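See below for the structure under consideration.
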Amino acid sequence: MVLGITLLVFLVLQAAPGDQASSALGEGASEEAKEQYRQANGLNDPLLLQYVRFLGKLLQFDLGVTTPPAKSVAGMIGSAFPLTLQLTFLGVVIAIVVSLVFGIIGALYRDKWQDQLVRVFSIAAVATPSFWLGILLIQWFALGPAAMFPSGGIATPESGFGGWLNSMALPALALGIPVSASLIRVVRTSMVEELDRDYVRTAIGNGVPYREVVSKNVLRNALVTPVTVLGLRIGYLLGGAVVIEMIFALPGMGQLILNGITNLDVNLVQGVVLTISVTFVLVNIAVDLLYLLINPRIRTV
């Protein structure tokens, strides 16, 4: 998977319009200077040779440098990626909490007015783009009469955890709410399927309290499918975080990839896309391992 990602990113950026030499030296540079730059950086070599050289640098964790002024791409990603991970993590937490609460309510009150309200909320949320929700949140809670949060930027370290959380609240909500909508339906469906199984009726018939059956058995068995969907949605969260960072002026990976595309900085764009893609692959591996904790019976399959 990772090898395929590297090949796809390499080929797409090679086919992108523009000239790396012109971007690095400026449009006013002479053709001789541009040609010297291409020769020095191997841009005239066959694509296969360039790709092999690219893989060799990746194995050494060398992502190259940006176009002048030259800066280490790995260093820039190392500074920006933690913020993107923080935003993604908060978005995941919000998505999990909202989906579990509303999904369980919808399953326990199946086809009643509570379930209908949950259904309306999930449909409205899944149809709401995260960037549009982010703009609405800024208007309501940062610029409007109910202003309680900053409209953008990240809190300084001196502000402490409270200041950090205050500055990340609106971006995390804009990122997590649309994802929670799809998870709500999955949680509800899984819970309903488990509630209709024979072991639930048997346990209740033997005098086990209904609440205990739901919390200790039904919920745990119903979590396998939602966890699978959540692992797949991590990719959406990482990609959505890039857009949300631009709206809320957060100095994360979104700013880096925008600068890379604007300046046709191939090394920077490659580094950002590969970092996000590899993170997505690793997260899904972790989700697969999480199955063993949720349902130990999988170990014997």
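Okay, here's what the table says:
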quantity: Neighbour-limited loop hits for trypsin sites (Lys or Arg not before Pro), segment 205-292 (at most 14 other Cβ within 10 Å; DSSP other than H, G, I, E, B); calculated: none
quantity: GNM top mover of 16, 24, 142 - the chain, alpha-carbon springs below 10 Å; calculated: 16
quantity: Chymotrypsin sites (Phe, Trp or Tyr not before Pro) within segment 87-149, DSSP loop, no more than 14 other Cβ atoms inside 10 Å; calculated: 109
quantity: The chain: mean projected area of Cα convex hull, nm²; calculated: 21.3 nm²
quantity: For residue 197, solvent-accessible area (1.4 Å; no DNA, RNA or ligand), Å²; calculated: 110 Å²
quantity: Cα-based helix-to-principal-axis angle, 2-15 vs the chain, degrees rounded to 10; calculated: 50 degrees
quantity: Per-residue [θ]222 nm for the chain (sum of -39500 (n - 2.57) over DSSP H runs n ≥ 4, rounded to 500); calculated: -24000 deg cm²/dmol
quantity: Whole-angstrom gap from segment 125-186 to segment 16-52, using each part's C-alpha centre; calculated: 42 Å
quantity: Segment 79-298: relative contact order as a whole-number percent, Cα under 8 Å and 6+ apart; calculated: 27 percent
quantity: Per residue value of the accessible surface for segment 210-291 (all protein chains in place, 1.4 Å probe), Å²; calculated: 44 Å²
quantity: Area of residue 45 that stays accessible when all protein chains are in place (1.4 Å probe, Å², to 10); calculated: 50 Å²
quantity: Within the accessible area of the chain (1.4 Å probe), percent carbon and sulfur; calculated: 67 percent
quantity: Accessible-area value, residue 93, 1.4 Å probe, nucleic acids and ligands omitted, Å²; calculated: 60 Å²
quantity: Relative contact order %, segment 1-119, counting alpha carbon pairs below 8 Å whose residues are six or more apart; calculated: 13 percent
quantity: Residues of type lysines that residue 34 reaches as a straight line, Cα spacing below 24 Å, ignoring anything fewer than 8 places off in the same chain; calculated: 57, 71
quantity: Cross-link reach list, aspartates and glutamates versus residue 216, counting only Cα pairs under 14 Å and skipping chain neighbours closer than eight places; calculated: 194
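The values are calculated or read from the model by the stated rules, or taken from the named source; none is laboratory data. Keep in mind that this is a model prediction, so the values were computed, not measured. Please note: Cβ atoms are built from the backbone with ideal geometry, for glycine as well, and neighbour counts cover all protein chains shown. Remember, those area values only see protein heavy atoms, side chains included, never the ligands or the DNA or RNA. Shrake-Rupley method; radii C 1.70, N 1.55, O 1.52, S 1.80 Å.
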